[in-house]
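The values are calculated or read from the model by the stated rules, or taken from the named source; none is laboratory data. Computed from a prediction, not measured in an experiment: that's the story for all the values here. Virtual Cβ from ideal backbone geometry, glycine too; neighbours counted across all protein chains shown. With ligands, DNA and RNA removed, areas are computed over all heavy atoms of the protein, side chains included. Shrake-Rupley method; radii C 1.70, N 1.55, O 1.52, S 1.80 Å.
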Amino acid sequence: MRNGSDVIVVGAGIVGSSATYYLAAFGVTVTLVEQTHPAGGPSGKSSALLHAFYLLPELSQLAIRGREILVSLPEISGEGPFVTEIGMMWVCGNDNEASWKAAAERIRGEGALIETLSPQAFANAAPGFALDNVALALWEPEYGYADAFGATNAIARAAKARGARIMQNTLVERLVKAVDRISGVALADGTVLKADAVVLAAGPWTRRLLATVGLDLPLHVERHPMAVLDAAGKARQVMPFAWCDDISCNYARPDGDGVILAGSWAGGGTGVRHEQAGRPRFVHNPDDYMEGVEESESVEILETFAARVPAMAELGIRPGYAGLYDMSPDDLPVIGAMPGVDGLFVSAGSSGHGFKTGPAVGEAVARLVTEGAQPILAPFSPSRFKVA
């Protein structure tokens, strides 16, 4: 078996799998290396909300393109569909009303459907939801949520069908460079895979691998618990859409009609971070963290919905689960060529935005590797931080 590729992609989450698919589609010899299986890390535990609303235009554009790719997966992969278009509803208070209206107008110009709703229009659209402190609602009818595990695996299989080599249950121990250029990766069993370029899409494991070539990024990892609420056939009645509340600092969506997934949200890429919501637990070792959720954590999440959606308080609590977010200091992704080692590209620090933008980020990274600079990735360049 040939021991080299034009490009090696490390990590088979939504970004790595998508980058591999597009590299293969562009005719590149590409190998995807994953320590477990596609979507075996944070991608598989994502709530997978889909929306176009962001204050930063490039994030909106990536989210719009990401949805387009996810919706087209039946044509791309012969599998699916993986998207449930139940709409996405947002509410904010007076502090963010003006900036959110302006962003909605811009997003409409970028081709996505998004409506601004007055408090009364929101009340009409969301019976059972309280109006407390709502100054503005945004409604995105084309959006909703995706099957994160299914979609990521379908993309990885589509990449393989295009000729990509997929190595599962294979741990990358370190990056390998020759002078100041990447030359491949070394596996845990000692095998060295050679490549002209490496795309590091390893999420919470990014800093560990960068350190092996003397590089660093100011990323940290947070544990994000998800409450799973037993809705017993009425999930769509209680929570009829994907939801995000900038006032109560929470988000939710139905999963079919049996359960509702709910979490806390402290803002970030869509607005000012709400520090009063608290930071989730920091995780120092992504291979060893509490993946389950204590009932007290689920209750704490549920309590944030008590005033807005009283019917939520009547639901039972199932065992929850926790995923990992790799976070950057400014809550924006870190995507681009790494200064200091030619041929090394990184996509990390997705800061909770990773799944919805991931297919488009993977496509843009593939173009970055094969064509050069991509303007849509400019705000996310690693060079905005000290990297060594």
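Structural remarks
- Whole-Å semi-axes of the ellipsoid equivalent to region 1-60 (Cα gyration tensor, √5λ, descending): 27, 16, 8
- Computed magnitude of the charge dipole of the chain (debye, nearest 20; Cβ of K, R +1, Cβ of D, E -1): 1040 debye
- Across region 130-139, coupling constants 3J(HN,Hα) worked out from phi with the 6.51/-1.76/1.60 Karplus curve, θ = phi - 60°, read 6, 8, 2, 6, 7, 9, 7, 10, 10, 10 Hz, and Gly and Pro carry x.
- Region 95-165: translational diffusion in µm²/s, Stokes-Einstein, Kirkwood Rh over Cα pairs, 37 °C, 0.692 mPa s: 217 µm²/s
- Value at 222 nm in deg cm²/dmol, rounded to 500, when DSSP H runs of n ≥ 4 in the chain each add -39,500 (n - 2.57): -8000 deg cm²/dmol
- R0 of 30 Å, Cβ-Cβ distance ARG236-HIS37: FRET efficiency to nearest 0.05: 0.45
- Comparing mean-square fluctuations of ASP331, ASP216, ASP95 from a GNM of the chain with C-alpha springs under 10 Å, the top value falls on ASP95.
- Inter-site label distance for LEU171 and ALA123 at 7 Å from Cα along Cβ, in nm: 5.8 nm
- Over the chain, Cα pairs under 8 Å with separation of 6+ residues give a relative contact order of 24 percent.
- A convex hull fitted around the alpha carbon atoms of region 184-254 yields 197 Å³ per residue.
- For region 305-388, the alpha carbon positions stretch 56, 26, 23 Å along the principal axes, listed from largest to smallest.
- Around the amide H of GLY320, modelled in the peptide plane, lie the amide H atoms of VAL228, VAL293, all under 5 Å away and 5 or more residues distant in sequence or on another chain.
- Violating pairs (Cα-Cα greater than 25 angstrom) within the set LYS45/LYS234; LYS45/LYS101; LYS160/LYS356; LYS356/LYS386; LYS45/LYS177; LYS45/LYS194: LYS45/LYS101; LYS356/LYS386; LYS45/LYS177; LYS45/LYS194
- Taking the chain as a Gaussian network of alpha-carbon nodes connected by springs under 10 Å, the highest mean-square fluctuation of the residues THR84, THR370, THR206 belongs to THR370.
- For region 1-133: rounded, prolate or oblate by the Cα gyration tensor [a/c cutoff 1.5]: prolate
- Extension gain, ALA130 back to GLU295 (0.36 nm per residue minus Cα-Cα distance, nm): 56.8 nm
- Calculated on C-alpha atoms, the gyration radius of the chain divided by its Kirkwood radius gives an Rg/Rh of 0.97.
- Phi angles of region 34-42 translate, via the Karplus equation with coefficients 6.51, -1.76, 1.60 and θ = phi - 60°, into HN-Hα couplings of 9, 6, 10, 8, x, 6, x, x, x Hz per residue; Gly and Pro are given as x.
- For the chain, built as a Gaussian network whose Cα springs stay under 10 Å, the top-fluctuating residue of PRO38, PRO310, PRO333: PRO310
- Solvent exposure, largest accessible area first (probe 1.4 Å, DNA, RNA and ligands not counted), of HIS220, HIS37, HIS51, HIS284: HIS284, HIS37, HIS220, HIS51
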